[in-house]
Amino acid sequence: MTDNLFQTYALNGTLSLKNRILMAPLTRCMADDELVPTQAMADYYARRAESGLIISEATIIRPDGQGYPNTPGLFTPAQIDGWRVVTDAVHKADGKIFAQLWHTGRVAHPHFYQSTGSSDVMAPSAAGVEGSVPRMRELTYQVPKAVSIEEIAQLVQDYAQAAANAIDAGFDGVEIHGANGYLIDQFLHHDSNRRTDEYGQTPENMSRFALEVVDAIAARIGNDRTALRVSPGAYFNMAGDNRDRAVFDYLIPELEKRDLAFLHIGIFDDAMEFDYLDGRASSYVRSIYNKTLVGVGSFTAESGSSAIAEDKFDLLAIGRPFIANPDYVELVRDGKALVEYSDEMLTSLV
Ligand code: FNR
Ligand code: 8K6
């Protein structure tokens, strides 16, 4: 019984989804060397246009946001044109697509942007992560530079410009990547934010950058086309801290006031529990956020449908099964068997 997944859903007055199954954002590292989306990417997304909403793979807002090879960008005219081919293909197939806007912060690597002449890694504080870029183990993570107030203002501008570029490229809206240990999330956790100025220490200060980015983008493209992904539970390139709870206790009601298209949990398995959240990240957010919430993380169509029926969230995002099954929505609707995901599938775009 997955009928509720096939109900339409009005995100707001301007956007209505044909079903409640979203394609989760999935980095594929398949853009060309100028970080321009390819025709193969357009075909890949168009094959998945039966989902209620596709969220694109994370897309960098500027060169020093890059932490993985061949991740697409949204800051050059060629990148905007490349994305327009993708959004046209999705729209022609009767789909909708949001761009996920990304800056990796302290897990960026200057190897990827050496042509800009910059070797700085930008983060809230000079607190690095151990390790190296996945699948490029020779690229060890650097100790980042704590961004100045002026650099923060520029970053906010660059997020807003990338959002405007996304609309120019034909996207239906944007999801700001505020999750999974990347730049915005780095401001929201004590592990990575050790600032003592107006961007650190208190919940209001630590939420300031995230809210400035949200507000700048909403002012540029409309709150109805602006969404955000957050990870209140630290789990990827981030250590949790009991004090993080107060940051999200402040941030999430502030987000609710902004009337965004949706709020999306960033996690790999919704069943993960966090001491300082008294359980699952999704249950915690649901308890203090009354608007559209997207759940994700190791769900099947059946378990996701039950979670929606139990009012744990409103929309279900599906990641890995969508890599394995371009026709995921049709297969679920018809009650047919799915192909199981495996990591080897990441080497080609099907
Ligand atoms: C991801 N995920 C992810 N999340 C995100 O916010 N932006 C991204 O670009 C990516 N990229 C990405 C690549 C790959 C290969 C995987 C497997 C995952 C996380 C993803 O959106 C989702 O939260 C998880 O995959 C959990 O959902 P599933 O796969 O269990 O349905
Ligand atoms: C090369 C680009 C990769 C960018 C996204 C990475 C996704 C890889 C999938 C596995 C990642 C595991 C995440 C950690 C989960 C920890 C749970 C305890």
> In debye, nearest 20: dipole of the chain around its Cα centre with unit charges on the Cβ of K, R (+) and D, E (-)?
Replying inline: 220 debye
>> Projecting each Cα onto the charge dipole of the range 192-350 (Lys/Arg +1, Asp/Glu -1 at the beta carbon, about the Cα centre), which of N193, N290, Y341 comes out farthest on the positive side?
In response: N193
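Need the full-extension length gain, A126 to D81, defined as separation in residues times 0.36 nm minus the C-alpha distance. One decimal, nm.
Values: separation 45, 0.36 × 45 = 16.20 nm, distance 3.61 nm.
Contour length minus the Cα-Cα distance gives 12.6 nm.
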>> Along the charge dipole of the range 149-256, pointing to its positive end and built from +1/-1 on Cβ of Lys, Arg, Asp and Glu, which listed residue (L255, F171, Y182) has its Cα farthest out?
In response: Y182
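Can you give the Kirkwood hydrodynamic radius of the chain from its Cα pairs, in Å with one decimal? Write out the running numbers ahead of the final one.
Details: mean 1/r = 0.0498 Å⁻¹.
This gives a value of 20.1 Å.
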>> Taking θ = phi - 60°, what integer Hz values does the Karplus form 6.51 cos²θ - 1.76 cosθ + 1.60 yield along the range 334-339, in sequence order, with x for Gly and Pro?
In response: 8, x, 9, 6, 9, 7
> Which residues make up the longest stretch of the chain clear of GluC sites (Glu not before Pro) that lie in a DSSP loop with no more than 14 other Cβ atoms within 10 Å, not counting the sites?
Replying inline: 199-309
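Would you mind calculating the gained length between E150 and K92 on full extension (0.36 nm times residue separation, minus the Cα-Cα distance), in nm to one decimal? Write out the running numbers ahead of the final one.
Working: separation 58, 0.36 × 58 = 20.88 nm, distance 4.20 nm.
Here the answer is 16.7 nm.
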> Dipole size in debye (nearest 20) for the range 46-124 around its Cα centre, Lys and Arg Cβ +1, Asp and Glu Cβ -1?
Replying inline: 100 debye
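Share of antiparallel DSSP beta bridges in the chain, in percent to the nearest 5?
Details: 5 of 34 bridges.
Once the DSSP bridges in the chain are tallied, antiparallel ones form about 15 percent.
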> How much length, in nm to one decimal, is gained on full extension between M345 and D327, taken as 0.36 nm per residue of separation minus their Cα-Cα distance?
Replying inline: 5.0 nm
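Restricting to Cα atoms and excluding each atom paired with itself, what does the Kirkwood estimate give for the range 146-200 in Å?
Details: mean 1/r = 0.0789 Å⁻¹.
Final number for the Kirkwood radius of the range 146-200 is 12.7 Å.
In deg cm²/dmol and to the nearest 500, what is the mean residue ellipticity at 222 nm of the chain if only DSSP H runs of at least 4 residues count, each as -39500 (n - 2.57), divided by the residue total?
Numbers: 10 runs with 111 residues, N = 350.
When only DSSP H runs of four or more count, the value is -9500 deg cm²/dmol.
Under unit Cβ charges (Lys, Arg +1; Asp, Glu -1), what dipole magnitude, rounded to 20 debye, does the range 203-350 have relative to its Cα centre?
Details: 15 positive and 25 negative charges, 83 e Å.
Value, rounded to 20: 400 debye.
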> Sequence-distant or interchain residues sharing an amide H contact under 5 Å with S132, placed H: which?
Replying inline: Y141
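Kindly count the pairs of lysines across the chain whose alpha carbons are less than 19 Å apart, treating pairs on different chains or eight or more residues apart as eligible. The partial results should precede the final answer.
Numbers: K18/K92; K18/K96; K18/K291; K257/K291; K291/K312.
Close lysine pairs under the 19 Å cut-off: 5.
Relative contact order, percent, of the chain when contacts are C-alpha pairs under 8 Å separated by at least 6 residues? Don't skip to the answer; put the middle values down first.
Numbers: 776 pairs, mean separation 57.9, N = 350.
Averaging sequence separation for qualifying contacts and normalising by length gives 17 percent for the chain.
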> To the nearest Å, what is the center-to-center distance of the range 313-350 and the range 188-231, using C-alpha atoms only?
Replying inline: 32 Å
>> Pairwise over distinct Cα atoms, reciprocal of the mean inverse distance: report the Kirkwood radius of the range 103-243 in Å, one decimal place.
In response: 15.7 Å
> ³J(HN,Hα) across the range 54-64 via Karplus (A = 6.51, B = -1.76, C = 1.60, θ = phi - 60°), whole Hz, x for Gly/Pro?
Replying inline: 8, 9, 5, 3, 4, 10, 6, 8, 6, x, 7
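Determine the shape class of the range 215-327: with a ≥ b ≥ c the square roots of the Cα gyration tensor eigenvalues, call it rounded for a/c under 1.5, and otherwise prolate if a/b is greater than b/c, oblate otherwise.
On the way: a/c = 1.59, a/b = 1.12, b/c = 1.43.
The shape class here is oblate.
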> Is any helix in the chain, taking whole DSSP H runs, at least 20 angstrom long along its axis by alpha carbon and on average at least -1.0 on the Kyte-Doolittle scale, and which ones?
Replying inline: 77-92, 149-168, 203-221, 244-257
> Which Cα, out of A24, I61, F6, lies furthest along the positive dipole direction of the range 2-67 (beta carbon charges, K/R +1, D/E -1)?
Replying inline: F6
> Suppose R0 equals 41 Å; then what is the FRET efficiency for A271 and R137 from their Cβ-Cβ distance, rounded to the nearest 0.05?
Replying inline: 0.85
> Which whole-Hz couplings ³J(HN,Hα) result when phi for each residue of the range 19-24 is put into the Karplus expression 6.51 cos²θ - 1.76 cosθ + 1.60, θ = phi - 60°, listed in order with x for Gly and Pro?
Replying inline: 7, 9, 9, 9, 8, 5
> Taking amide hydrogens as modeled 1.01 Å from N in the peptide plane, which residues meet the under 5 Å criterion relative to L15, leaving out close sequence neighbours?
Replying inline: none
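FYI, it's all coordinate maths here, none of it is from the lab. Remember, it's a predicted structure, so these values are computed and weren't measured experimentally. Virtual Cβ from ideal backbone geometry, glycine too; neighbours counted across all protein chains shown.
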